[in-house]
């Protein structure tokens, strides 16, 4: 006898639990990168994070062998690698400069930049409610940064650039998944990004300690687990259901930042992050509603 299928409410709960697990995985990535800190040059840390994570891609080799790689695919792949390499390098730098909560909250802007990129680069149409949601998200970013009321650290600017570069990477990924299996797209990114970073990493190479290698290996492991959990969450429930759960990641970040690194709890970061997530959740809900009609 086959196992009974999950009801819609049960699938939604399962999706939310997978999303909660994802938030914890991604915050653990931040914690481990924070522990590496300034012990290694930023570009070397980013390079080793991807290099050590290649072991997790072995299961995708079968799918990769079946793909016929065209010049267009290679062009998109290396274009994405450039964006992703920039994003990762800026993110690693930001983690050494500003609190974890601010890194997480500013990274929430990523879907907003993706929306703007789709409009500016691909000519997608945008309605007034979506524009208003983008305005709310932008105001949320200003609440976090508070320009004019405090000094803007280079880490803040680096994190904003990181979120923009991640948006470019994901926009290209959206084109690639129309031609390749998702596992192959992830494999190509994970192989090409260290190739892009390597020449710059070796310019200021420092021999990493075993402790630093272990931290970066577990960084790669948690990142892989987080992406897997996110995929499972989206398979179980609509994005409009699970997207708001991402806000929990900010709670994890602020809590771990306070407990492990003595970082102050900034209510403006939580408020700004809540505004950004509310805007993203509204956009996600609206898109899901449009598809259903």
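Per-structure values
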read-out	value
Efficiency of FRET between residue 214 and residue 78 - r from beta-carbon atoms, R0 30 angstrom, step 0.05	0.50
Prolate/oblate/rounded call for the chain, Cα gyration tensor, a/c under 1.5 rounded	rounded
The range 233-293 versus the range 199-220: alpha-carbon centroid distance in Å	31 Å
Potential extension, residue 150-residue 204 segment - 0.36 nm per residue separation minus Cα distance	16.1 nm
For the chain, calculated [θ]222 nm from helices alone, where every DSSP H run of n ≥ 4 adds -39500 (n - 2.57)	-26000 deg cm²/dmol
Relative contact order (%) - the range 1-132, alpha-carbon pairs under 8 angstrom, separation at least six	33 percent
GNM result for the chain, Cα springs below 10 Å: residue of 41, 238, 59 fluctuating most strongly	59
Shape of the range 137-293, Cα gyration tensor, a/c cut at 1.5	oblate
Cα gyration tensor, the range 70-194 - rounded (a/c under 1.5), prolate or oblate	oblate
Residue with peak Gaussian network fluctuation, the chain [Cα springs, cutoff 10 Å], from 204, 84, 156	204
Inter-site label distance for residue 125 and residue 175 at 7 Å from Cα along Cβ, in nm	2.3 nm
Under 15 Å from the residue 157 label point (7 Å along Cα→beta-carbon), backbone N, the range 94-124	94, 97-98
Spatial separation of Cα centroids for the range 48-73 and the range 90-165, in angstrom	30 Å
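All of the numbers you see were taken from the coordinates with simple rules; none came from a lab. These figures come from a predicted structure and were not determined experimentally. FYI the Cβ positions are ideal-geometry reconstructions off the backbone, even for glycines, and counts take in every protein chain you see.
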